[in-house]
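Shown next, in structure tokens, is the structure this report addresses.
The values are calculated or read from the model by the stated rules, or taken from the named source; none is laboratory data. Keep in mind that this is a model prediction, so the values were computed, not measured. Here the Cβ is made from the backbone with ideal geometry for all residues, glycine too, and neighbour counts use every protein chain on show. Only protein heavy atoms, including side chains, enter the accessible area calculation; ligands, DNA and RNA are left aside. Shrake-Rupley method; radii C 1.70, N 1.55, O 1.52, S 1.80 Å.
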Amino acid sequence: MFADVVGGDYDYYAATAAGDPARVATLIAEALHERWWTTDEFAATKEKFEGRKLSTRDSALKAEVASYFGDRLGDLTDDEALVAEMCLLRDAVVDGIITTNYDPLLEHLFPDYEVFVGEEDLLFSDIQGVGEIYKVHGDHNDPDSLILTAADYERFTERKPYLAAKLLTIFVERPIVFLGYSLSDENVLEILRSIATALTRDRVGDLQNRLIFVEWDPAADEHPQLTGTVIPVDGGFSIPVQHVRVRDFVEVFSALGELERRFPARYLRHLKEHVYELVRDQDPQGRLFVADLDPGADLDEVDIVLGVGAISKVTESYKGKTRFDLLNDVVNNSGLAASRVVEEALPTIPSHHTAPVYKYLREAGHLNDDGTIKDPSVLNERIVQRVARGVDAFQPPPGYKRRADAAAQAAGDFAGLVAQNDPGDVVMYVARLPEDKQDPEALRTFLAEHKQELLVDGHALDQTQWCKAVCLYDWLVYGKA
């Protein structure tokens, strides 16, 4: 693409570089440099990165590449199968993500995760190992951070041992699932070699079952199995890994989505940060509370309780309520206090997580008859945003809307939708029924009856759509007086 931009022949650059992609990038960067800086042809990109550090002869190409990848989020696929995979990935329970990609897809799917860009950011930051994305080859927002040319890879190789040392604690404490890389990918092999040099031959075996390579192969067996294999590294020994080839990632992402975590990743990261601050700085922010601890106490007899929330609310707090507590309350009326849900619970639930709001806003007196908020200034911004999104937040994924519209039209009303479709399809399609064709009480009963099947035992897409259907019920019943 960028060989065409500079008016060159890619085959010429590839031959000149002896097939080395990084050297190809160097040649194209050199060809683009003068033209990029001395003409108005690339004014839009210059304006986009004005004030950013563009300090080398490679920076012009990097700026164009960064701009290209930064704009790709608008080109997300509408292929139903791939959309379903992305929904499943978004719900996966993972502590962190290490990527060589420049684009913003992962931040889009995991918006609450902290992003670290480049090896310097990773080396000199206080990483917590949870709720984090490590973009080790750079990010589209910072052109000079991209690892793209031969000089970049040389610098990256020089610092690789330090990067590997930082990653080693992550690798030995938790399983690592490799997606999109083959067993022969040189970027991965270099990191693994560096990690291997930090381990003795006896300790390399500790990585057994911790490194899992998942390769996409359209010709893979219908029922793939994990198999053990080894990756040869320097020093005459090998790293044991698990390997599997899959036709798609649905089962992989579904399995990751079924893992249980008591707190969202961002809460765990926040908690670890403050414990780290306490050890390092004696809690300068005053956010940790130590009660009745005698300096001479026997530490073996001391109970440690870590509380997520304000110190002033050491008593039972609604801040510990999850969206599932609220969803269950809407369906089964478990008696949660509306005002406390509005003040304490809803502000803690991430914006991208589907959660009901209208029941609590209505009962707490915050809604007008038409369902609009009386005074947005007294509510948390996340609550205001949820109301502003309205029923758009309860719709099926883009790839399913055409099918949902056809099913809703064929059914005519909610009773017909239930009669003609499986439970998973009902919660997928119900939001496409016109409001006058809905039956809120029948919907509530349906959701209660199929909670175990869809929310507890169902795969991630069923779970997401069950949650959306509860929120649709919440809007139908409480959204308008």
Query raised in the report: If you project the alpha carbons of region 336-375 onto their three principal axes, what span does each projection cover, largest first, in Å?
Result: 27, 21, 16
Query - Rounded to the nearest 10 Å², the accessible area of S254 at probe 1.4 Å - result: 20 Å²
Query - Reachable aspartates and glutamates from K468, criterion Cα separation under 13 angstrom, eight or more residues apart if same chain - result: D392, D425
Query raised in the report: Non-local amide H neighbours of I133 (under 5 Å, H modeled in plane, Pro and chain starts lacking H): which ones?
Result: I97, E114, V115, F116
Query raised in the report: Which helices, counted as full DSSP H runs in the chain, have an axial Cα extent of no less than 30 Å and a Kyte-Doolittle average of -0.5 or above?
Result: 150-173
Report task. Give the residue from V172, A151, V117 lying farthest towards the positive end of the charge dipole for region 75-184; charges sit on Cβ (+1 for Lys and Arg, -1 for Asp and Glu) and the dipole is referred to the Cα centre. Result -> V172
Query raised in the report: Can you pick out the pairs among K46/K135; K48/K374; K321/K401; K48/K166 whose Cα atoms lie more than 28 Å from each other?
Result: K48/K374; K321/K401; K48/K166
Requested in this report: Provide the descending list of Cα extents for region 1-90 along its principal axes, expressed in whole angstroms.
Outcome: 44, 36, 20
Query raised in the report: Per residue Cα convex hull volume for the chain, in cubic angstrom?
Result: 220 Å³
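Write down the percent of antiparallel bridges among all DSSP beta bridges whose residues are both part of region 108-255, to the nearest 5.
On the way: 7 of 20 bridges.
Percent antiparallel among DSSP bridges in region 108-255 is about 35.
If the viscosity is 1.002 mPa s and the temperature 20 °C, what Stokes-Einstein diffusion coefficient in µm²/s follows for region 49-109 when Rh is the Kirkwood radius over Cα pairs? Could you put the intermediate results ahead of the total?
Details: Rh = 14.0 Å.
D, rounded to a whole number, is 153 µm²/s.
Taking R0 as 22 Å, what FRET efficiency do you get between D11 and R247 from their Cβ-Cβ distance, rounded to the nearest 0.05?
Working: r = 34 Å, r/R0 = 1.54.
Working from the Cβ atoms, E equals 0.05.
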Report task. Taking amide H positions as placed in the peptide plane 1.01 Å from N, state which residues far from F213 in sequence (5 or more) or on other chains have amide H under 5 Å from it. Result -> F178, Q242, H243, V244
Query - Per residue Cα convex hull volume in Å³ - calculated over region 372-465 - result: 124 Å³
Query raised in the report: For the chain, what is the charge dipole size about the Cα centre, in debye to the nearest 20, if Lys and Arg each add +1 at the Cβ and Asp and Glu each add -1 at the Cβ?
Result: 600 debye
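Calculate, in nm to one decimal, what K374 and E50 gain on full extension: separation in residues at 0.36 nm each, minus their alpha carbon distance.
Gain on extension, K374 to E50, equals 112.5 nm.
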Report summary line: Projected onto their principal axes, the Cα atoms of region 53-161 stretch, largest extent first, over whole-Å spans of 42, 31, 20
Report task. Would you pull out the residues with amide H under 5 Å of L367's amide H, same chain only if 5 or more places away, H placed 1.01 Å from N? Result -> K374
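As a test of understanding, state the convex hull volume per residue of region 133-248 from its alpha carbons, in Å³.
On the way: hull volume 15.3 nm³, N = 116.
Convex hull of Cα atoms, per residue: 132 Å³.
Give the peptides 43-51, 166-174, 23-31 in descending order of average Cβ contacts within 10 Å, highest first. Intermediate values should be presented prior to the final figure.
On the way: 43-51: 12.2, 166-174: 15.6, 23-31: 21.6.
Most protected by this proxy first, the peptides run 23-31, 166-174, 43-51.
Please list S334, S145 from largest to smallest accessible area, probe radius 1.4 Å, with all protein chains kept in place. All intermediate terms of the calculation are to be shown ahead of the outcome.
Numbers: S334 70, S145 20 Å².
Most to least solvent-accessible, the answer reads S334, S145.
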